[in-house]
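Report on the structure given below.
The values are calculated or read from the model by the stated rules, or taken from the named source; none is laboratory data. Every value quoted in this text rests on a predicted model; they were computed, and no experiment measured them. Cβ placement follows ideal geometry from the backbone for every residue including glycine, while neighbour counts extend to all protein chains displayed.
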Amino acid sequence: MSGGRGVGAEAAPRPRMSPPRRTMRGMEMRRCQRCDLIVDQGCACPENSAERAPAGPGRPTPVPGTGFLSTSILISPRRYAHRPHCGHLSVPDIAPPVWGWITDPDPHLWRRISEEHPVRATEGNTERLATRRCQDCDA
């Protein structure tokens, strides 16, 4: 037998990403094959979470009555990103197929959301993209 594996042994699934590409600054960039966004610059797919920076000392906490963690990003049909504590949201309305969300985002993803760095929902309506941050949530 070639490859050194026994019968029935399977390799663990690995994230599907394009090969690394060098930028002008010499950094590697990879596009996620699931959402086609650049890993760590918009991609929030769970299969790429192993490449993210650790969350730091502050741990995400559940936001009462929402079913979301404090670090979650909610994506509206108008392409706005919100946080679960946003005062002008109606929690029952945050459901697919209207809304999408990211429950375990990269800790720095919120600040990168822009027209240049859209963020795709990984749960709910996964076709939703956020290109703007809610000003109330930003405060």
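Across the stretch 104-139, the number of residues qualifying as buried (at least 19 other Cβ atoms within 10 Å of the Cβ) and of a type in the set (S, T, N, Q) comes to 1.
The residues in the stretch 62-93 that are part of a helix (DSSP H, G or I) and hydrophobic (A, V, I, L, M, F, W, C) can be counted, and the count is 1.
Taking the listed residues PRO77, PRO60, PRO97, PRO64, the one that is within 20 Å of ARG34 (Cα to Cα) and surrounded by fewer than 20 Cβ atoms within 10 Å (Cβ to Cβ) is PRO97, with no other qualifying.
Condition (residue is farther than 13 Å from CYS137 by Cβ and over 13 Å from the mean Cα position of the chain (by Cα)) applied to the stretch 106-113: is it met by at least one residue? No - not one qualifying residue is present in the stretch 106-113. Criterion first (at pLDDT below 85, more than 22 Å from ARG31 (Cα to Cα), assigned to a loop (DSSP other than H, G, I, E, B) and not aromatic (Phe, Trp, Tyr)) does PRO96 satisfy it? No; evaluated as a whole, the condition is false for this residue.
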